[in-house]
Each structure stands twice: as C-alpha cells, then as structure tokens.
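Read through the structure below, which is laid out as structure tokens, and then see the notes.
The values are calculated or read from the model by the stated rules, or taken from the named source; none is laboratory data. Because the structure is predicted, anything quoted here is derived from the model rather than measured. Cβ placement follows ideal geometry from the backbone for every residue including glycine, while neighbour counts extend to all protein chains displayed.
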Amino acid sequence: MNWIMIAIGMTLLGIALIWYTRFRLKHTQVANREVDEHELEVIFNKTIDLIQSEKYFLNKNLKLSNLASELSCNERQLSRSINKYGNGNFNKFINSFRIEYAKEILIGGQFDHYTIEAIAEDCGFANKVSFYNAFKSCTGMSPTEFRALKQSS
C-alpha cells in the first residue's frame, strides 16, 4: 500500500512537472517573440534611416552583410526585419529605393540627356536588364515609357 501511494505521488508530481515546463516554455516563447518583434522593428527603422541618409542603395555592390555590419546587427535579424516590414526580400527592398531615385531623375529634367543605361548605373543597378525588370515590376512600365509619359505631361 505504501509503495502504491509513493508511485501515485511520484506520477502526479511528474505530470505536474511536465505541465509546468510546457506552460512555462510557451509563456517564455511568447515573451521572446514580443521582444523579438520590437527588436526587428527597431532594426528596420534604423535600416531605413541609414539607407536614406547615406544613400546606401546607390552602391551596386551592396550586400546584406555590409548593411548588417553597418547597423551592428546580424544578417539574420536584418533579413527578418526587411522581410517582415519591407514587403519583400533584401534585393526587392533595396531596388525600391533605387527605383524611387530613378523616377526622380527621369522626371527632373536636368538628366534628360542621360541614357537609360547611365541612369541605371547612377541608381546602383549592375546592368540595364535588372534595372528594366525592377522598374517595370514597381511601376508597371519601362523607364523609357515612364520618361516619355512624364515629358509629355
């Protein structure tokens, strides 16, 4: 009888310990996720500030690792923050800044004598094809069509 009571007591203690560990682990994971989300948002905001103020997007050799190093964070955190808050991956994110800059050049007037290839290079694109593809993806028209439309209006 004594052994049965001890066995039942140990079983109940084991069940309670397992339940407590699982509950505690889930609670800790939720708390870590909340801290993690805030940290990702802070990293993303710092990324935007740095890219805009220093015009990092103009560097055609820009890599995630360069930016992470400059922001003093790891690549995984930076990538996650861009994926979550930047509506796409790193390349798409950087290209969106490049396209906005290209649109300013194309609309501006003082660069009308520039070829599309020269504008692509000035905006940080490695080649004309990637510039055309990114521009069309963002605006729905080619840079040449965009330039013609803005010049006619």
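Does segment 54-74 include one or more residues that are modelled with pLDDT of 90 or more, small (Gly, Ala, Ser), touching a Cys at 6+ places or on another chain (Cβ under 7 Å) and on the phi < 0 side of the Ramachandran plot? The answer is no, given that none of the residues of segment 54-74 is modelled with pLDDT of 90 or more, small (Gly, Ala, Ser), touching a Cys at 6+ places or on another chain (Cβ under 7 Å) and on the phi < 0 side of the Ramachandran plot. Only one of the numbered conditions (1) closer than 26 Å to Glu145 by Cα; (2) crowded, with 17+ Cβ neighbours inside 10 Å is not met by Asp112, and that is (2).
Return the only residue of Tyr101, Tyr114 being within 30 Å of Val42 (Cβ to Cβ) and not hydrophobic (A, V, I, L, M, F, W, C).
Details: Tyr114 fails: within 30 Å of Val42 (Cβ to Cβ).
Answer to the selection: Tyr101.
Considering only residues in segment 118-153 that are outside any helix (DSSP H, G or I) and without any contact (Cβ under 8 Å) to a residue 24 or more places away in the chain, the one that is farthest from Leu106 (Cα to Cα) turns out to be Asn127. Could you list, in sequence order, all residues of segment 110-142 that are aliphatic (A, V, I, L, M) and more than 24 Å from the chain's Cα centre (by Cα)? Scanning segment 110-142 gives Ile116, Ala118, Ile119, Met141. The requirement of being over 22 Å from Glu121 (Cα atoms), assigned to a helix (DSSP H, G or I) and not assigned by TED's automatic domain parsing to the domain that holds Ala102 is satisfied by Ser69.
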